[in-house]
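**Q** Let me begin by handing over the structure; questions about it come next.
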Amino acid sequence: MAVLKKSTFMNSNRLDLHNIYKNFGNVKALKNVSMSTNSGQINCILGDNGAGKSTLVNIISGVFQQDEGDYKINDEIVSFSSPMEAMNAGISTVYQNLAIIPIMNIYRNFFLGQEPTKKGFFKTFDKEFATRTTIEQLEKFDIKIENPKRAAGTLSGGERQILAIARALYFGAKILILDEPTSALGVKESNKVVNQIISLKNQNINVILISHNIEQAYMLSDKFFIIKNGDMIDQFEKNQTSVNDLRKILGK
Ligand SMILES: Nc1ncnc2c1ncn2[C@@H]1O[C@H](COP(=O)(O)OP(=O)(O)OP(=O)(O)O)[C@@H](O)[C@H]1O
Ligand SMILES: [Mg+2]
């Protein structure tokens with residue numbers, strides 16, 4: 001099966017899942033799930049605890065493989081045997097809690113696992129490049145950092161989420177999965193992150209969002225995928241639904 005290279009991504013970064021099944025022993029976590037998402041869109045997966053949302057994004061991001069069904073990117077069947085393979089193909093996930101290592105400084109966090117090295121016989125970490133790039137990339141997301149040597153733990157919750165998003169984009173993410181990006185944040189911090197998520201649409205990113213917050217999800221998203229007990233029970237474009245409709249379907 002083909003493994004995509006980032007160069008496969010053109011202007012459109014379309015993701016298609018067809019008739020996906022995933023079992024964990026006797027638990028049928030996903031049953032015949034199909035969905036399509038495209039670039040420049042925010043695509044929201046909604047569902048109760050245990051519905052199958054994480055299982056679905058774990059398949060997309062290479063943590064698990066489906067038992068049955070096809071996973072395609074730009075009409076090409078793909079199979080990722082690890083999150084690293086998916087990441088190399090331009091598919092990144094920002095997890096709510098694992099995004100940042102607080103005691104490490106900001107620029108080290110930005111380049112975590114992909115450290116730039118200076119040219120020369122000894123490959124030493126290029127601090128100057130890392131510092132400059134971190135400042136530049138965060139500025140694109142309206143975060144001004146004067147001293148990227150300070151610990152990432154001193155960033156606000158929203159700034160940490162945005163750092164993780166900026167990092168994913170810098171390293172070539174075209175399909176970006178956000179798992180509950182604002183659930184641990186206060187209103188002000190949450191708004192900061194929401195504004196930056198909206199800005200991803202202009203950068204032609206295919207955003208896949210998991211959320212429990214129906215109002216916020218409705219405001220942010222273009223497309224809604226509703227999962228219940230492993231079934232994709234409904235799919236809507238924004239103009240086909242409302243906050244109240246979504247509430248009713250989800251029983252909230
Ligand atoms: N690795 C695993 N082994 C066994 N069962 C699992 C595993 N991962 C998920 N499950 C089960 O699959 C079902 C779907 O779980 P999943 O984590 O996808 O739900 P979720 O929609 O993300 O829920 P939440 O909103 O609580 O995060 C649940 O019944 C869960 O217990
Ligand atoms: Mg989950």
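Derivation of every value follows stated rules applied to the coordinates shown; laboratory data play no part. On a predicted model such as this, the values are computed, not experimentally measured, just so you know. Methodologically, a virtual Cβ is constructed for each residue, glycine included, from the backbone with ideal geometry; neighbour enumeration extends over all protein chains shown.
**Q** Among L209, L56, which comes first, then next, by fewest other beta-carbon atoms within 10 Å?
**A** L209, L56
**Q** If every alpha-carbon in segment 86-206 counts as one equal scatterer, what log10 I(q)/I(0) does Debye give at q = 0.19 1/Å?
**A** Log-scaled intensity ratios, in q order: -1.05.
**Q** For a footprinting-style exposure proxy, rank D179, D16, D48 by other Cβ within 10 Å, fewest first.
**A** Numbers: D179 22, D16 17, D48 14.
Fewest-to-most ranking of D179, D16, D48: D48, D16, D179.
**Q** For N49 paired with D70, estimate the spin-label separation in nm (one decimal), with each label point 7 Å from Cα along the Cα-to-Cβ line.
**A** Spacing of the two 7 Å Cα→Cβ label points: 3.8 nm.
**Q** Also: Taking Cα centroids, how far is segment 171-187 from segment 65-142 in Å?
**A** Taking the Cα centre of each part, segment 171-187 and segment 65-142 sit 14 Å apart.
**Q** Return the percentage of antiparallel bridges among DSSP beta bridges fully within the chain, rounded to the nearest 5 %.
**A** 55
**Q** For E115 and Q137, calculate 0.36 nm times their separation in residues minus their Cα-Cα distance, and state this gained length in nm to one decimal. Mind showing how you got there, number by number?
**A** Details: separation 22, 0.36 × 22 = 7.92 nm, distance 1.54 nm.
Answer, rounded to one decimal: 6.4 nm.
**Q** Going by the alpha-carbon gyration tensor, a ≥ b ≥ c the square roots of its eigenvalues, is segment 77-117 rounded (a/c under 1.5) or, if a/c is not under 1.5, prolate (a/b greater than b/c) versus oblate? All intermediate terms of the calculation are to be shown ahead of the outcome.
**A** Numbers: a/c = 3.51, a/b = 1.78, b/c = 1.98.
Here segment 77-117 falls in the oblate category.
**Q** For the chain, which span is the longest to avoid every loop-located (per DSSP) member of chymotrypsin sites (Phe, Trp or Tyr not before Pro) having at most 14 other Cβ atoms inside 10 Å?
**A** The answer is 123-252.
**Q** For the pair S242 and A151, how long in nm is the line joining their label points, each one 7 Å along Cα→Cβ?
**A** 4.9
**Q** Next up: Would you compute the Debye intensity of the chain from its alpha-carbon atoms alone, equal scatterers and no solvent, and pass along log10 I(q)/I(0) at q = 0.07, 0.09, 0.12 Å⁻¹ to two decimals?
**A** For the requested q values the scattering log ratios are -0.25, -0.41, -0.72.
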